[in-house]
Amino acid sequence: MSVKNYNIRFRDEKEKDRKAWDHLHSKEVRDFFKSQNGFVIDAINDYYDRHICIKKDPYLETREKEDAFADRIIKRVEGKFLDNLPEIIGRFMIAQENEIERRNRTVQKNKSEKNGAGLF
């Protein structure tokens, strides 16, 4: 197995360098990655893959943001719907009962009219 080595300098006077150094030595990196080396390799590969995807599809970020926005809207609407579901079902049941009562009255009216028409 061949091992390749590459040294990176982090300069304290450069904000981006300090930020990268802090990320590399953060608790999150220690907790979520096997090693700092693994973190650096994943970061380089992810950044490169993303860069290539955006280069091939310049609207990728815009679509991702739009999709995320649409997903947030859908979740909110679903949440509101589910919150109001008992009321919606109640109103539906009342409407159905009213329709049944209306039909029963119509049937009763028709029966009484038929019975009344036969008497004359």
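The values are calculated or read from the model by the stated rules, or taken from the named source; none is laboratory data. Because the structure is a prediction, the values reported are computed rather than measured. Cβ atoms come from the backbone with ideal geometry, glycine included; neighbour counts cover every protein chain shown.
General remarks:
- Filter result for residue 72 (surrounded by 10 or more Cβ atoms within 10 Å (Cβ to Cβ) and either over 26 Å from the mean Cα position of the chain (by Cα) or outside the structural domain of residue 23 (by TED's automatic domain parsing) (or both)): yes
- Residue match in region 99-120 (condition: charged (D, E, K, R) and either under 30 Å from residue 3 (Cβ atoms) or within 26 Å of the chain's Cα centre (by Cα) (or both)): no
- Note on region 1-30: residues that are within 19 Å of residue 42 (Cα to Cα) and surrounded by 10 or more Cβ atoms within 10 Å (Cβ to Cβ) total 12.
- Per-region count, region 31-57, residues closer than 18 Å to residue 6 by Cα, of a type in the set (Val, Ile, Thr) and surrounded by 12 or more Cβ atoms within 10 Å (Cβ to Cβ): 2
- Among the helices (runs of 4 or more DSSP H) confined to region 1-110, the ones with at least 3 residues that are in contact with a helix residue (DSSP H, G or I) (Cβ under 9 Å, 6 or more places away or on another chain) and modelled with pLDDT under 90 are located at 36-56.
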